[in-house]
Amino acid sequence: MTHACVNIQIAPESVPSIPSWFGEVAVMAQVLTQFGLLKAIQQDVRFARARFGRYEVVDFVAVMLGYALSGEPTLEAFYRRLAPFAIPFMALFGRSRLPHRATLSRFLAALDQPAVEALRTLFQKDLVARPASSSPPGGLWDRQGQHWLVMDVDGTRQAARQRALPHTPDLPAPHRRLEQVCAPGYLGRKRGEVVRTRTTILQAHTHQWVGTISGRGNGDYRGELLQGLQAITAYATALSIPLSQILVRLDGLYGNAAPLADLLTAGLGVIVRGKDYALLDLPSVQQRLARPPDQLCTHPESGASRALFDCPEVPLTPSGPTVRMVVATHASASASPPIGVERSGTVYELFFTTMPHDAFTSKDVLDLYLHRGSFETVLSDEDDEQDPDRWCSHTPCGQEFWQILNQWVWNLRLELGQALSPTPMRLTEFAPAQPETPAQPETPAQPETPAQPETPAVSLSYGPPKFARPSFTGGFSGAAFALQPDGTLRCPANHPLYPQERRPERDGSLRVLYAARIGHCRSCPLRSQCQESSSTTKPRRVSAVFWPSSSNASLSAQLPPQPDAPAGAPAPSLPSPSACPVLWGDWERCQIRRRWLRLLRTQTVLLTTSSLPHAQQADIQQPKVQTRAQRAHCRLRWDERLARNARSSPASPLEVTIHGLPATFASVFGFGLLEAAA
């Protein structure tokens, strides 16, 4: 029983409550209209197909934007919640009718790649059209005061579980709805049978998405990286930042010669975890590991300690390129460490970078790479708030279209949250300044020792690869595989072979073993001619021997053999870092978005319209007059197609009132301001 002063009544008429996300949709629609983005989508993202009805791309973009903003778990739940407000929802975008859910599904299924690329281009242009915070957009300042911009590139996977279906000769082949968008691949800890990989590019300081590229299964990681580099290059060019000051952080998937050559060719900086542990066998690396480490790094929480060895110029392949390699070692706790390689009770981890020695110490390099872990929290926040990897379409183009719009929503939320409550850039001392080396006290004179002749440094350079002769079966010999500038081989079917193993051999020669991808070999029309059998389950492998060049070989032959460096011998002198600290400038990752969402989801939204159902009924009862071109089913022009579902001028006016937004926000984005009642 309620209290006597409380009276609860029931009204027979239905008055649906406005969804909590409707206010944010109204704000987004106003912002997209104010900045001309809706008009740009209508003009640039064009796609036509048979039986398209009265709808255009902008109609489906409006629905998908609302779906991404709503946070509803499924598209069915979103349509069910939107049904009472379908007409006001579409009116926010200047459109008339709401496409049916099945119509949206058919649109995504028929979408082609040019339309996806056009949307991606608009997304990247809008990213740099209005600086989200300030200029420069955050960054990293090294020990010489030079500015760097860090970009994180990594992939995330979405697994799909499928029903178990029998495969017997008397049954037709099963049809899987996700066979176009998924494929078998690495599942990790995700439960499922097939996966789809999405490669994302994040600006590490403003936490804005720069791009997204997806593929079936494990995807084409190198091809997706090349597309990501194009997005990074366009971003840096628009902000007038030199490519040499862009630092791309990658995980171990990209830690070999082939993808690193793409980055170096583009002129970008890089820091990546290496996986080519055969480089530890190089003589220059072995000599460096025999000396004391440059620095010792101890994790503040776990207490794990690493010894860091800085190797300035290490060739990734016998023909280049060369990078700076930092080797981190620690005692082995198990026979098979999860990261690195174990040798004689010591675990070795490799880190490749182009960061200069006089600006970053080896510990700075390691700390900067491990700081990449914040990227995982951004992906987790994205999954919680928007879940862009959910299955919105069963075709690759439709799924990627949905994911681009999700990243656009993420960036707009950051921009609007910053406009709602401006916050300054946070400046963090990422690494303290290096203490100046105290002057050494004078020591008593020691008896002179005979001076040792200075040994010139020898860096072996290798000549072209030497391959074995063709086998007696007549298959392709190693000479048929052309060596590429990035250190890979190119087979006669135009597929790459990547270096997998390096073995030093007699007289200073080096044997490199290359292997192709099994996915390329399975469908190759030249497989029987190349591998001498079409039933083998292994990819094609090629072995090449690199011999030292004659000049360096003769020089090394003239030098007497040098003994191993003693334990206390000093390391080769490297440029000493400057005394400035390493500074990291960024903005809040969570609070900017969460303040925005918390405000919009708790404020009152009012919809005011005058007899909208009666006006719509009057429009339906009016006779339609067709032109001769329409009766003859001639193709309509683009402006005529857009006009079919455009909101008509005599339609009932719609007024949306959103409470809680400040007057400064209204003036920036062109909102009308409701005067407070006296």
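Some notes on this structure:
- Rounded Å value of the spacing that divides the Cα centres of the stretch 179-218 and the stretch 336-402: 13 Å
- Extension gain from THR428 to GLN43, taking 0.36 nm per residue of separation minus the Cα-Cα distance: 134.2 nm
- Legend: distances between Cα atoms for LYS125/LYS275; LYS190/LYS275; LYS125/LYS190; LYS190/LYS363; pairs beyond 27 Å are LYS125/LYS275; LYS125/LYS190; LYS190/LYS363.
- Highest mean packing comes first when the peptides 358-366, 233-241 are listed by Cβ atoms within 10 Å, giving 358-366, 233-241.
- Principal semi-axes in Å for the stretch 268-339 [√(5λ), Cα gyration tensor, largest first]: 23, 14, 14
- Rounded to the nearest whole Hz, the Karplus-based 3J(HN,Hα) values (6.51 cos²θ - 1.76 cosθ + 1.60, θ = phi - 60°) of the stretch 140-149 follow the sequence 10, 10, 7, 6, 9, x, 7, 8, 10, 10, with x at glycine and proline.
- Principal axis extents of the C-alpha atoms in the stretch 26-146 (largest first, rounded to whole Å): 61, 30, 27.
- Rounded to two decimals, the Cα-based Rg/Rh of the stretch 157-225, with Kirkwood Rh, is 1.14.
- Distance between the pseudo-spin-label points of GLN144 and HIS175 (7 Å out from Cα toward the beta carbon): 6.3 nm.
- Around ARG503: net Lys/Arg minus Asp/Glu count, Cβ-Cβ under 12 Å: 0
- Note on GLU505, GLU588, GLU382: ascending count of other Cβ atoms within 10 Å places them as GLU505, GLU588, GLU382, the fewest first.
- Volume per residue that the Cα convex hull of the stretch 276-317 spans, once the total is divided by residue count, Å³: 91 Å³
- Couplings 3J(HN,Hα) of the stretch 381-389, computed from phi: 4, 5, 5, 6, 8, 10, 6, x, 8 Hz, in residue order, whole Hz [Karplus 6.51 cos²θ - 1.76 cosθ + 1.60, θ = phi - 60°; x for Gly and Pro].
- Net lengthening on full extension, CYS590/ALA278 (0.36 nm per residue, minus Cα-Cα): 108.2 nm
- Per-peptide average of other Cβ atoms within 10 Å, ordering 166-172, 349-355, 496-502 highest first: 349-355, 496-502, 166-172
- Placing dummy labels 7 Å off each Cα toward the beta-carbon, the span from SER374 to ALA77 is 3.2 nm.
- Semi-axis lengths (Å, descending) of the ellipsoid that matches the C-alpha gyration tensor of the stretch 314-440: 38, 25, 16
- Theoretical FRET efficiency, 1/(1+(r/R0)^6), r = Cβ-Cβ of TYR221 and ARG106, R0 56 Å, to 0.05: 0.95
- Per-residue Karplus couplings for the stretch 169-186, computed as 6.51 cos²θ - 1.76 cosθ + 1.60 with θ equal to phi - 60°, are listed in order as x, 8, 10, x, 5, x, 10, 9, 5, 9, 5, 7, 9, 10, 7, x, x, 5 Hz, Gly and Pro entered as x.
- Panel order for CYS392, CYS580, by other beta carbons found within 10 Å of each beta carbon, from fewest to most: CYS580, CYS392.
- Protection proxy ranking of 313-319, 7-13 - average other beta-carbon atoms within 10 Å, highest first: 313-319, 7-13
Read-outs: derived from the displayed coordinates by stated rules, not from any lab. Computed from a predicted structure; not experimentally measured. For neighbour counting, all protein chains shown are included, and Cβ atoms are generated from backbone atoms with ideal geometry for every residue, glycine included.
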